[in-house]
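Just below is one structure, and these are the notes that go with it.
The numbers here are math on the coordinates, done by the rules we state, and not lab data. Keep in mind it's a predicted model, so treat the numbers as computed, not measured. Reconstructed Cβ throughout: ideal geometry from the backbone, glycine too, with neighbour counts over all protein chains shown.
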Amino acid sequence: MNFASYEVDGFYDEMLTDPTAARPCAQHLMQSIQALAPGEFERRQAAAERALMQMGITFNVYGEQAGVEKIFPFDIVPRIVSAAEWGRLEKGLKQRIHALNLFIDDLYHEQKILKDGVVPREIILTAKSYRRQLIGWEPPRGIWCHITGTDLVRHSDGEFYVLEDNLRCPSGVSYVLQNRQVMKSLFPKVFAASKVRPVQNYPLKLRDMLEFLAPEAVATPHVVLLTPGSYNSAYFEHSFLAQQMGIELVEGRDLVVEEGQVLMRTTKGFERVDVIYRRIDDDFLDPKCFRADSMLGVPGLMEAYEAGNVALANAPGTGVADDKVVYAYVPRIVKYYLGEEIIVPNVPTYICAEEKDLRYTLENLDRLVVKAANESGGYGMLVGPHSTQGQRAEFAERVKAEPRNYIAQPTLALSRVPTICADHLEGRHVDLRPYILYGKEIFVLPGGLTRVALKKGSLVVNSSQGGGSKDTWVLADSETVEREGSNGHAVPLSKGGLP
Amino acid sequence: MLSRVADSVYWMSRYIERAENVARFVDVNIQLMLDAPEGQDQQWDPLVAITGDHEEFTRRYGAATESSVIKFLTFDGDNPNSIFSCVRAARENARSVREIISSEMWLQLNRFYLMVNSAAQQRGGLDEHEGFYDEVKQASHLFTGVTDATMTQSEAWHFSRLGRMVERADKTSRILDVKYFLLLRSVEDVGTAFDGIQWIAVLRSASAFEMYRKRHGRILPRGVVEFLMLDREFPRAIQFCLMAARDSLHAISGTPLGTFRHAPEKLLGQLCSDLSFTGVDEVMQYGLHEYLDELQTKLNQVGQGIVETFFAFKTPQPGKKPVLAAVQ
């Protein structure tokens, strides 16, 4: 397979600067791809798909017949991040999580940041994910956001930007581990030569972090993963992580709270549970405390939590910092708590709750991406350049009716990675979701989920809407491959758009 | 292990075994009807009678004909005991315990389901049913083999075997009972060539024909009953199944054999002893159907006891400290 017909198209390409020249970090990979016999690359792509099918790497699709599973499409051309770039991202992510944890803790205690007017009080008080039940609560070890999956994108200026903080129940890490497994068996030699940093210790790190949260009196903590059940779209991930960590996968109906203690129903009686990695949203955790109609949760769970008899990761109430409007304030939040400038910046964001930004947003709907504060998975979103007049008019009404609920961002020219299209390679847009664990210390998994929009020209990478994934190679060598030169088409962010 | 997980593993196996056995007795009846002397009526309602779903069947289908019975027992998604429903239920159970079973087991069960599902969509008719029932038996054997070859033989595996063996014992007794229902209808056939053919069909339906020949030689009703009911070495014989179920039950609870700690251990122990100390002549004298009927009732009690002892979602008694199991 060769790159003769490959076009960079003015985007930042993660692998090449032009069809003949690889970036320094990707040189070895490019030579290896070119050296393969004709048809060999396609054969390995087919082998990868077969392996994923057999391993049952599937997700459930909502709205279709119950039990329908699909394979998450996978492309074997990896996305490479140089050691120097990663070093900066890692520092930036640690800084961000550190500050966000202080922020959440402040919101449930003194609210200094609101009193000082850095973040408008109203924005927090109107956030659906601000849980008044937790005011004054000290979570175990003072940590709220134990597991985070921060979405990053690279713009055509070659810079990484944070697009979204996922602080509730970020998913996708199982694909990171499985993709790596498949790639290692397909390209063992390239791996050895490229010095790719390993990701397979994630389940160990995750388990260590969870055990760290257990009540102090417990010598051997009993950790479980709480899933909504086998019809949840991320069920495969839940069972995979439980299996990899060697912990029990439980559903709400397996647990019962008795005298402030969470117990698990086993064939030999009741067993105590000390730490719950919950993959259920706050709303559904405990019908006695949150949504009364929840069938997924455990009645009395919050009572046990507040008695300090069980730890929950992530802590309930963490979602308040996941709000898309709160996101816009993160650079100020970092500055406020740490006194530092933000290392990995936000995408410039217009806050519709602010008069000036609202006007700008309404006037420029055709150029902006408008997002609702509390939606995820690419829903509740208007992509200006791809919208019709009618859709824009309808969205304008929604924004005007509830400005607090919306933000707007310029359309980004997401970076691309060569991707197999039948018998040749074409550039496809990608984002990057690294995973961060906050336990004894903050750990950033060297790698992450690279999601790719498989449809030509598409910017939507969500698996529910035609996205796939790639393996992410973070290189180990400490050579300073700083910003391996942009491709000469740097576009100012505010003007960024689709060709 | 979690009660819910044990429950799912147990039922996953039971449903697979049930699907296989429904395939067996539909198959045996088809064989019998093909060999029936000319002029004799087709007999399909006994088949429905022995599944215990007679009322449901009559309400929905009316008269028992070849096509209605085959449809009801094979592809009817509204009949929870049809082959299709059983395999679907087994797969749903497996899906909820994917981290407990081996991926090879999941793969095989998934293939099994897809095969039955596509047959239900495409065929539904009668033309190719024999091939289909063979495929169902094969797929079930494969699943059992994969289970034994890939799964750690600890608690979960024992629950799986327990489910399979309890179900198989129940269904072998029902297959034997088919003969009883047929006898009822055609007393004048006893001792005729067709009678012999019927007994051979019964043996074949339990994959027992060749093994029987090695053990007993001549086809005699007494021998067939002894073989399918009391043999301690043939894997579909009721006695064999119950002993295996008992062993798994004791492996799960750690109770020494010959003693008991809960109801299912007691009941199953008694059943095994009963069969060990009963001769085939006593069974025949007592009445085969009556004996089997009582056996099935006791088996149901064992099943009920297993559910209550291990799976039932009891809540801790308020005010009383719950008993905590040791953390492993």
(message) Distance cut-off 18 Å, Cα to Cα: go down the list A:94/A:205; A:94/A:335; A:268/B:171; A:128/A:324 and report the pairs above it.
(response) A:268/B:171
(request) Have a look at A:236, A:31, A:83 and report the one farthest towards the positive end of the charge dipole of the protein assembly as shown, computed about the Cα centre with Cβ charges (Lys/Arg +1, Asp/Glu -1). (result) A:83
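What number does the range B:3-311 give for Rg over Rh if you use C-alpha atoms and the Kirkwood radius?
0.96
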(request) Calculate the dipole size of chain B relative to its Cα centre from +1 charges on Lys and Arg beta carbons and -1 charges on Asp and Glu beta carbons; express the result in debye to the nearest 20. (result) 1360 debye
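Let me check I've understood the local charge: for residue A:19, count other residues with C-beta under 14 angstrom from its C-beta, Lys and Arg +1, Asp and Glu -1. What total comes out?
Net charge around residue A:19: -3.
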(request) At a Cα cut-off below 13 Å, give the aspartates and glutamates reachable from residue A:400, other chains included and same-chain residues fewer than 8 away excluded. (result) A:354, A:355, A:357, A:363
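For a quick check of your reading of the filter: which trypsin sites (Lys or Arg not before Pro) in the range A:95-154 sit in a DSSP loop and have no more than 13 other Cβ atoms within 10 Å?
Here the sparse-neighbourhood loop sites are A:128.
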(message) Quick one: the Cα spread of the range A:179-305 along its three principal axes, in angstroms, biggest first?
(response) 57, 34, 27
(request) Filter the chymotrypsin sites (Phe, Trp or Tyr not before Pro) in the range A:143-188 to those in DSSP coil with at most 11 other Cβ atoms within 10 Å of their Cβ, and list the result. (result) none
(request) Kindly express, to the nearest 10 degrees and within the range 0 to 90, the angle between helix B:263-276's C-alpha long axis and the longest C-alpha principal axis of chain B. (result) 40 degrees
(request) Over the range B:1-118, consider all pairs of different Cα atoms and compute the Kirkwood hydrodynamic radius from their mean reciprocal separation; express it in Å, one decimal. (result) 15.5 Å
(message) Quick check on the protein assembly as shown: of the DSSP beta bridges with both residues there, what percent are antiparallel, nearest 5%?
(response) 75 percent
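For the range A:144-223, what is the convex hull (Cα atoms) projected area averaged across all directions, in square nanometres?
The orientation-averaged projected area of the Cα hull of the range A:144-223 comes to 8.1 nm².
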(request) Lys and Arg at +1, Asp and Glu at -1: add these up for the other residues within a Cβ distance under 10 Å of residue B:16 and post the number. (result) +1
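Could you state the orientation-averaged shadow area of the convex hull built on the Cα atoms of the range A:216-282, in nm² to one decimal?
For the range A:216-282, the mean projected area of the Cα convex hull comes to 5.4 nm².
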(message) Run the Debye formula on the Cα coordinates of the range A:297-450, all scatterers equal and no solvent, and tell me log10 I(q)/I(0) at q = 0.08, 0.10, 0.16, 0.19 1/Å.
(response) -0.35, -0.54, -1.10, -1.25
(request) Using the Kyte-Doolittle scale, find the helices of chain A whose mean hydropathy is at least -1.0 and whose Cα atoms extend 24 Å or more along the helix's long axis, counting only whole DSSP H runs. (result) A:83-107
(request) Determine the relative contact order of chain A: mean sequence separation of Cα pairs under 8 Å and six or more apart, normalised by residue count, in whole percent. (result) 25 percent
(message) Can you tell me the orientation of helix B:155-185 relative to chain B, as the angle in degrees between its alpha-carbon axis and the longest Cα principal axis, to the nearest 10?
(response) 20 degrees
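Against the globular-protein guess of 2.2 N^0.38 Å, express the Cα radius of gyration of the range A:350-410 as a ratio, rounded to two decimals.
That ratio works out to 0.96.
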(request) Evaluate the distance, in nm, between pseudo-label points positioned 7 Å from the Cα of residue B:218 and of residue A:36 along their respective Cα→Cβ axes. (result) 7.1 nm
(message) For the range B:223-269, I need the span (max minus min coordinate) of the C-alpha atoms along each principal axis, in Å, sorted largest to smallest.
(response) 36, 15, 13
(message) Treating only the Cβ of Lys, Arg, Asp and Glu as charged (+1, +1, -1, -1), what charge dipole size does the protein assembly as shown show about its Cα centre? Round to the nearest 20 debye.
(response) 1380 debye
(request) Quick one: which residues, 5 or more positions from residue A:77 or on another chain, have an amide H under 5 Å from its amide H? H modelled 1.01 Å from N in the peptide plane, none for Pro or chain starts. (result) A:420
(request) Principal axes first, then extents: for the Cα atoms of the protein assembly as shown, list largest minus smallest coordinate on each axis, whole Å, largest first. (result) 97, 69, 53
(request) Specify which residue in the list A:411, B:21, B:251 is farthest towards the positive end of the charge dipole of the protein assembly as shown, using unit charges on the beta carbon of Lys, Arg (+1) and Asp, Glu (-1), about the Cα centre. (result) A:411
(request) Give me the net charge of residue A:238's neighbourhood, meaning all other residues with Cβ under 9 Å from the Cβ of residue A:238; Lys, Arg count +1, Asp, Glu -1. (result) -1
(request) Report, ordered by chain and residue number, the lysines lying within cross-link reach of residue A:455, taken as a straight Cα distance under 25 Å and ignoring same-chain residues fewer than 8 apart. (result) A:70, A:371, A:470, A:495
